[in-house]
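For reference, the structure is listed below as structure tokens.
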Amino acid sequence: MKRLINPKNIILILTFVFAWGCGDDAENNAVEDNVAYIKDAYMKKYAELYVGNEDATILAIPVSMTHVDEEKEVKMNIDFSTEVLDAYNKKYNKNYVMYPAERRKFLSKEVVIKKGAAASSAQLEISPFTQDLKDSGDTYAIPVTIAKVDGAGIMKGSESFIYILREIPIATTGSVKSGANYIRFAMPQEEYFEFTALTAEFLFNIETFSKTNNHVMFYNNVTSSANKNEGSIFTRLENGSLGIDNTYFEFSIGDNVFVTGTPNGGKFEVGKWYHIACVYASKKIYLYINGNLAAKKDVPRSSFKLHTEVATKWGGFNFGGGGIGLTKVAEVRLWNVERTQEQIKENMYKVNPKTDGLLGYWKINEGSGYELTDATGNSPEKAYPNTKEEPQWYTNQQLNVE
């Protein structure tokens, strides 16, 4: 069975739009001649399209003419364009990858606009993501263009359009129990990392909630008085003793300076997924919740060290259960670069493990056992729960955040 997207309803596949036609690029002015254009490209340059997991998606690409010709029909050819995607990536500093040729095809490259009509559509068939494509962490796109028109011109600036392909983020995820349980992330350095910029990201979902004050999550605290002034990273839900409705998220890199925030809805809830990104750079710390800036604050440090010794709970990098109750966790990442808000939003559910600055990346999607793999390949050892007990695994988890 194939899924049909009607051109009248194509607006439903748009999650946001980006105006490309500004300044010298704004060439969609009034025209005197009859010219062809891709309808959606007249005001914007791309759309996000969620591709089915099982059936092929049939996408209608609407094309139009500026005038109705009562005397003749107009024929045009639609094609893919690597050049369009390359130009877009360069202009907007993106890394979108062309969807493989064998996973996309036009049912017909020729579009005919009949006499007395002003519009028609091309039909594009898109096959679902393979597992290899899902695992790559890349974001794929299909750029289309009007390659040729017989009997009319082509509207410059509106002849091309890019469909950015998204998959519904469904995954198997593990969990951390409450109390003294935590996941230990082994790192390649034997002593410490020194950071001038840092980003820590993860997804979490509170399955059960306990009324206690400190709900520790991703952290690396000092291990002794000898290095207590070198810095730390500590994240937690706080004030849970007053109930889930009163919790807020905290992030610190030491010096007793915390930045705090809550989701756009004003409170955290049991049974919902949240994406957290904690960023440090240029003497500032930022907290993003679900891709939105929740808080920021100045800090005194221009750099700091995080010790990686594995002997104690507070060394290295950990994801803790604290007193929070049972917590699902996925997509834990540690970077030595500042990730921008745009990058955070783009890659909440996956990222290419080979991305510059990515020190460690634990998807936590193994589905069984207690050893967790670093997708970057940087870590010589597997991550694991400190109890060496198999975590509870959850399948078919839809990771979407609001």
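Throughout, read-outs are computed from the coordinates displayed, never taken from laboratory work. Because the structure is predicted, anything quoted here is derived from the model rather than measured. Heads up, the Cβs are rebuilt from the backbone with ideal geometry, glycines too, and the neighbour counts pull from every protein chain shown.
Simple rule: put +1 on each Lys or Arg Cβ and -1 on each Asp or Glu Cβ in the chain, find the dipole, and look at 145, 82, 299; the Cα lying farthest toward the positive end is 299. Applying both filters, DSSP loop and at most 14 other Cβ atoms within 10 Å, to the GluC sites (Glu not before Pro) of region 149-221 gives 190, 191. In the chain, the calculated helix contribution to ellipticity at 222 nm averages -1500 deg cm²/dmol per residue, counting -39,500 (n - 2.57) for every DSSP H run with n ≥ 4.
For region 170-398, a/c is less than 1.5, where a ≥ b ≥ c are the root eigenvalues of the C-alpha gyration tensor. That puts it in the rounded class.
Relative contact order, whole percent, for the chain stands at 18, derived from Cα pairs under 8 Å and 6 or more residues apart.
Shown here: Rg/Rh (Cα atoms, Kirkwood Rh), derived from the displayed model; of the candidates [x] 1.00; [y] 1.06; [z] 1.16, it corresponds to [y]. Placing R0 at 35 angstrom, the Cβ-Cβ distance between residue 267 and residue 105 gives a FRET efficiency of 0.15 after rounding to 0.05.
Taking amide H as placed 1.01 Å from N in the peptide plane, the amide H of residue 138 sits under 5 Å from none that are at least 5 places away or on another chain.
Summing +1 for each Lys or Arg and -1 for each Asp or Glu among the other residues whose beta-carbon sits under 10 angstrom from that of residue 282 gives 0. Taking Lys and Arg as +1 and Asp and Glu as -1, the other residues whose beta-carbon sits under 15 Å from that of residue 240 total -2. Computed from backbone phi with θ = phi - 60° and the Karplus coefficients 6.51, -1.76 and 1.60, the 3J(HN,Hα) list for region 142-157 is 10, x, 10, 8, 7, 8, 7, 9, 9, x, 6, x, 10, 6, 5, x Hz; x is used for glycine and proline. Mind checking the angle between helix 82-92 and the chain's longest principal axis? C-alpha axes, 0 to 90 degrees, to the nearest 10. The two axes meet at around 50 degrees.
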